[in-house]
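The structure under discussion appears below in the form of structure tokens.
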Amino acid sequence: MKTTSEQIAQLQEIIDQSQHLVFFGGAGVSTESGIPDFRSSKGLYMQDLGYQVAAEEIISHTFYKQHPKTFFDFYFKHLVFPDAQPNPCHQYLANLESAGREVTIITQNIDGLHQKAGSQVVYELHGNVYRNYCEAAHHYYDYADLVRDEEGVPHCPEDHSIVKPDIVLYEEALDEMQLLGAIRAIQRADVMIVAGTSLSVYPAAGLIDYFHGKHLVVINRSTLNLSAKEALVFQASVGAIFSHLTLSK
């Protein structure tokens with residue numbers, strides 16, 4: 001049985017020798033930046049947040065359409081963190097790309113922290129809270145440009161329709177171009193790192209099946225069911241592992 005330090009050394013060697021690295025991250029990548037997850041024991045789904053319905057129902061397409069005031073109250077309080085900063089994982093991956101390595105990020109997170117760190121090739125499976133569009137004319141607005149009414153609902157100054165965050169709600173399909181781009185990147189990769197995700201949300205969780213490269217690495221606090229796939233597995237926080245990695249010279 002390898003020690004963690006030996007595993008980290010092995011991971012460092014895998015990264016140093018990689019030709020095309022794909023990083024597939026979930027909520028555990030951003031928790032160390034102060035952004036809560038959904039499904040852990042302290043996640044949003046497990047908390048009493050003062051609403052009469054479950055958080056999982058609030059972030060559905062149906063609830064958004066029927067109760068926009070409550071939806072946006074929850075959304076701005078619990079899903080948007082404009083002051084959050086990239087942590088060692090985000091920064092390492094961005095620096096690796098800046099050093100000339102081929103790195104593709106595939107994320108289930110909607111916080112934009114990979115781009116904030118400097119990563120250029122990012123597929124956002126569930127969208128991004130900093131992109132918003134009015135549902136009538138599809139005018140796009142940055143988060144900082146949102147104009148909210150007295151109930152806290154953002155409206156388009158041009159046509160007064162509701163401005164929806166460009167995120168994928170329950171009952172909505174993933175963006176096909178983002179999904180296809182992610183699949184192609186995984187199929188080309190020789191190294192895939194899966195980090196901070198329980199691999200329980202489909203179709204995103206099925207992406208690992210497209211990987212047929214040399215090295216699969218998994219970093220997660222809880223154990224995952226990887227079927228028959230052979231992997232280098234860390235049962236630890238994402239930051240605890242990435243804070244020990246360095247850029248090869």
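Considering only residues in region 16-38 that are among the polar types (S, T, N, Q) and within 12 Å of the chain's Cα centre (by Cα), the one that is farthest from Asn95 (Cα to Cα) turns out to be Thr31. Remark: pairs (first residue in region 67-92, within 14 Å of Ala27 (Cα to Cα); second residue modelled with pLDDT of 95 or more and acidic (Asp, Glu); Cβ separation under 8 Å; 6+ apart in sequence or on different chains) = Phe81/Asp111; Ala84/Asp111. Here Ala204 clears all of (1) surrounded by fewer than 18 Cβ atoms within 10 Å (Cβ to Cβ); (2) over 28 Å from Ala9 (Cα atoms); (3) modelled with pLDDT under 85 except the condition numbered (1). Among the residues making up region 200-240, none is among the aliphatic types (A, V, I, L, M), in a loop (DSSP other than H, G, I, E, B), under 17 Å from Ser5 (Cα atoms) and within 15 Å of the chain's Cα centre (by Cα).
When only residues in region 113-162 that are free of Cβ contacts under 8 Å to residues at least 24 places away in the same chain and closer than 19 Å to Ala185 by Cβ count, which is surrounded by the fewest Cβ atoms within 10 Å (Cβ to Cβ)? Per the stated criteria, the residue is Gln120. What about Glu158, is it in contact with a helix residue (DSSP H, G or I) (Cβ under 7 Å, 6 or more places away or on another chain), farther than 30 Å from Val233 by Cα and assigned to a loop (DSSP other than H, G, I, E, B)? No.
Let's see how each residue does on (1) in contact with an Asp or Glu (Cβ under 7 Å, 6 or more places away or on another chain); (2) modelled with pLDDT under 90; (3) over 20 Å from Gly112 (Cα atoms):
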| position | (1), (2), (3) |
| --- | --- |
| Lys2 | no, yes, yes |
| Gln7 | no, no, yes |
| Gln10 | no, no, yes |
| Gln17 | no, no, yes |
| Ser40 | no, yes, yes |
| Met46 | no, yes, yes |
| Val53 | no, yes, yes |
| Ser60 | yes, no, yes |
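Taking helices (runs of 4 or more DSSP H) as the structural unit, those lying wholly within region 62-131 and holding at least 2 residues that are at pLDDT 95 or above, within 18 Å of Ile35 (Cα to Cα) and hydrophobic (A, V, I, L, M, F, W, C) correspond to 68-78, 113-117. If you go through region 46-61, how many residues are among the hydrophobic types (A, V, I, L, M, F, W, C), touching a residue at least 60 places away in the same chain (Cβ under 8 Å) and assigned to a helix (DSSP H, G or I)? Of the residues in that region, 0 qualify.
I'd like to know if region 180-199 contains one or more residues that are within 24 Å of Tyr130 (Cα to Cα), assigned to a loop (DSSP other than H, G, I, E, B) and of a type outside the set (Asp, Glu). Within region 180-199, one or more residues are within 24 Å of Tyr130 (Cα to Cα), assigned to a loop (DSSP other than H, G, I, E, B) and of a type outside the set (Asp, Glu).
The values are calculated or read from the model by the stated rules, or taken from the named source; none is laboratory data. Given the structure is predicted, the values throughout are model-derived calculations rather than measurements. Counting neighbours? That spans all protein chains shown, and the Cβs are built from the backbone with ideal geometry, glycine included.
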